[in-house]
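Here's the structure we're looking at; comments come further down.
The values are calculated or read from the model by the stated rules, or taken from the named source; none is laboratory data. Only a predicted model underlies this, so the values are computations on that prediction, with no experimental measurement involved. So basically every Cβ, Gly included, is an ideal-geometry build from the backbone, and we count neighbours across all protein chains shown. Remember, those area values only see protein heavy atoms, side chains included, never the ligands or the DNA or RNA. Shrake-Rupley method; radii C 1.70, N 1.55, O 1.52, S 1.80 Å.
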Amino acid sequence: MDKINGRLNAEERHLIKEYILLPYVLTVLEINKKIMTNTPGFKVPEAFVWFYDRVMDTVTHDLTEIKKQLREIGIKIYFVTEDENSLRCMYAFSGYEERMSMVWRLVKAEVTIRLKYYLEIGIKKT
């Protein structure tokens, strides 16, 4: 991946964005799984829990691969923080320190897109 004046290319920015967002995808899946198992009258929760577990395994695998790719290209993410307005991260590459920020509306939209993607993959795998 070529660096121009120490700037990240689109693929590298995408990897950082995925690194930030996929844990939120996992959180939403986990919350939904708990709701299914704790809701009286929910029909066959075991099947849905099994499905969600498979989807979560896929997301976790992808997150592991993203971390590996970031390490290989020399991008280190120092921390991810939240406040009432946004989600932010600080990362370093090629001797530069940078920040990425996303407002919560964008985070919600991006997580929703990823949830649809992973749930569709899960359906195709079953």
In this structure, does residue 19 turn out to be modelled with pLDDT of 90 or more, closer than 12 Å to residue 118 by Cβ and surrounded by 14 or more Cβ atoms within 10 Å (Cβ to Cβ)? no
Looking at 28, 80, 49, can you tell me which residue is open to solvent by 40 Å² or more (accessible area, probe 1.4 Å) and either in contact with a Cys (Cβ under 8 Å, 6 or more places away or on another chain) or farther than 15 Å from residue 115 by Cα (or both)? 80
Cβ pairs under 7 Å, 6+ apart, first in segment 9-20 and more than 14 Å from residue 106 (Cβ to Cβ) and outside any helix (DSSP H, G or I), second open to solvent by 40 Å² or more (accessible area, probe 1.4 Å) and of a type outside the set (Ser, Thr, Tyr): 9/1; 9/2
Report, by residue number, each residue of segment 83-107 that is surrounded by fewer than 13 Cβ atoms within 10 Å (Cβ to Cβ) and over 14 Å from residue 17 (Cβ atoms). 83, 84, 85, 94, 95, 96, 97, 105
Across segment 108-126, the tally of residues that are more than 14 Å from residue 21 (Cβ to Cβ) and either open to solvent by 60 Å² or more (accessible area, probe 1.4 Å) or part of a strand (DSSP E or B) (or both) stands at 5
Of the candidates 62, 53, 57, the one satisfying the condition of being of a type in the set (D, E, K, R) and within 11 Å of the chain's Cα centre (by Cα) is 62
Residues of segment 81-109 being within 17 Å of residue 12 (Cα to Cα) and either under 15 Å from the mean Cα position of the chain (by Cα) or of a type in the set (A, V, I, L, M) (or both), in sequence order, are 88, 89, 90, 92, 100, 101, 102
For segment 91-126, how many residues meet the condition of being among the hydrophobic types (A, V, I, L, M, F, W, C) and either at pLDDT 95 or above or touching a Cys at 6+ places or on another chain (Cβ under 9 Å) (or both)? 10
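If you check residue 65 against the conditions, is it at pLDDT 95 or above, touching a Lys or Arg at 6+ places or on another chain (Cβ under 9 Å) and either closer than 13 Å to residue 22 by Cα or open to solvent by 30 Å² or more (accessible area, probe 1.4 Å) (or both)?
Taking the combined requirement at face value, the residue does not satisfy it.
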